[in-house]
Amino acid sequence: QVQLVESGGGLVQPGGSLRLSCATSRGILSISAMGWYRQAPGKQRELVARLSTDGSTNYVDSVKGRFTISRDNAKNTVYLQMNAMKPGDTAVYYCNALYHSMNYWGQGTQVTVSS
């Protein structure tokens, strides 16, 4: 089992930046893949960024060039650096871990982009 604890959400103006953090209860290199998803009101949850154990990443097209997923192995923490934010980025963001073919989720953190 994997516990995930997210932090770093909040209110930011358009063009601003936020960094989300996700601390895991297991060694991060033992987890097949870590990802960030988001769900806006009335919309389906979507994958934002994903980081595999081998270091490969993928991003949804709408955040490419603006968001970066990374990890700190020593802290067992994954980050999502979000720059040049837009109102369309407003959503609840969830951390995800794929461990032994099972998906685990954090509690979610609200991100609001508004002036």
Could you please find all residues in region 29-62 being closer than 17 Å to Thr112 by Cβ, among the hydrophobic types (A, V, I, L, M, F, W, C) and over 12 Å from the mean Cα position of the chain (by Cα)?
-> Ala40
Sort out which residues of region 1-23 are under 11 Å from the mean Cα position of the chain (by Cα), closer than 25 Å to His100 by Cβ and of a type in the set (S, T, N, Q), and write them in order of number.
-> Ser21
For Arg26, are the conditions met, namely being more than 10 Å from the chain's Cα centre (by Cα), surrounded by fewer than 18 Cβ atoms within 10 Å (Cβ to Cβ) and not aliphatic (A, V, I, L, M)?
-> yes
Output yes when any residue across region 68-82 is open to solvent by 20 Å² or more (accessible area, probe 1.4 Å), in contact (Cβ under 8 Å) with a residue 40 or more places away in the chain, aromatic (Phe, Trp, Tyr) and more than 16 Å from Gly9 (Cα to Cα), and no when none is.
-> no
Enumerate the strands (runs of 3 or more DSSP E) found wholly within region 18-103, keeping only those where 2 or more residues are of a type in the set (S, T, N, Q).
-> 18-24, 57-59, 67-72, 77-82
Given the structure, is Thr57 among the β-branched types (Val, Ile, Thr), open to solvent by 60 Å² or more (accessible area, probe 1.4 Å) and farther than 17 Å from Gly106 by Cβ?
-> yes
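The values are calculated or read from the model by the stated rules, or taken from the named source; none is laboratory data. These numbers were taken from a predicted model, which means no experiment stands behind them. Here Cβ is always computed from backbone atoms with ideal geometry, including for glycine, and neighbour counts include all displayed protein chains. What goes into the accessible areas is simple: the full protein's heavy atoms, side chains included, and nothing from ligands, DNA or RNA. Shrake-Rupley method; radii C 1.70, N 1.55, O 1.52, S 1.80 Å.
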